[in-house]
1. Can you tell me how much longer the chain between Thr5 and Thr62 gets when fully stretched, taken as 0.36 nm per residue apart minus their C-alpha distance, in nm with one decimal?
2. Quick one: net charge of Val64's neighbours, Cβ under 14 Å, K/R +1, D/E -1?
3. Accessible area per residue of the chain at 1.4 Å probe, in Å²?
4. According to the Cα gyration tensor, what semi-axes, each the square root of 5 times an eigenvalue, does the equivalent ellipsoid of the chain have, listed from largest to smallest in whole Å?
5. Just grab the label-to-label distance for Arg12 and Leu34, each label 7 Å out from Cα along the Cβ direction, in nm (one decimal).
6. Would you mind computing, in nm to one decimal, how far apart the modelled labels at Gln53 and Met27 are, each placed 7 Å from Cα along Cα→Cβ?
Amino acid sequence: LSDVTMAATVKRGSMVTLLVTTEHMTMTAQGRALEDAALGQPVRVVNPMSNKQLTGVVKDGTTVTIPLDGAMAVN
């Protein structure tokens, strides 16, 4: 069972859209995945403009949702 994994939806090095959503707004930015991750899994990303590392959740093959509360922020 430990040899079975989900196929990566986001590949390391790929450009993704970072998505932050609140009740009143939606904000997007470009990011680059720092590791492979499957749908629904956490993934580390970097915003190339600020060089900040964040952790979000893979929403689809090109989108990573970043929590607004910062609980998953790495740096």
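1. Once the chain is fully extended between Thr5 and Thr62, it gains 18.5 nm.
2. Neighbourhood net charge equals +3.
3. So the chain comes to 67 Å² accessible per residue, rounded to a whole number.
4. Rounded to whole Å, the semi-axes are 21, 14, 11.
5. Each label point lies 7 Å from its Cα, and together they span 1.3 nm.
6. According to this spin-label approximation, the distance is 2.2 nm.
The values are calculated or read from the model by the stated rules, or taken from the named source; none is laboratory data. All values reported here derive from a predicted model rather than from experimental measurement. Virtual Cβ from ideal backbone geometry, glycine too; neighbours counted across all protein chains shown. Please note that ligands, DNA and RNA were not included when accessible areas were found on the heavy atoms of the full protein model with its side chains. Shrake-Rupley method; radii C 1.70, N 1.55, O 1.52, S 1.80 Å.
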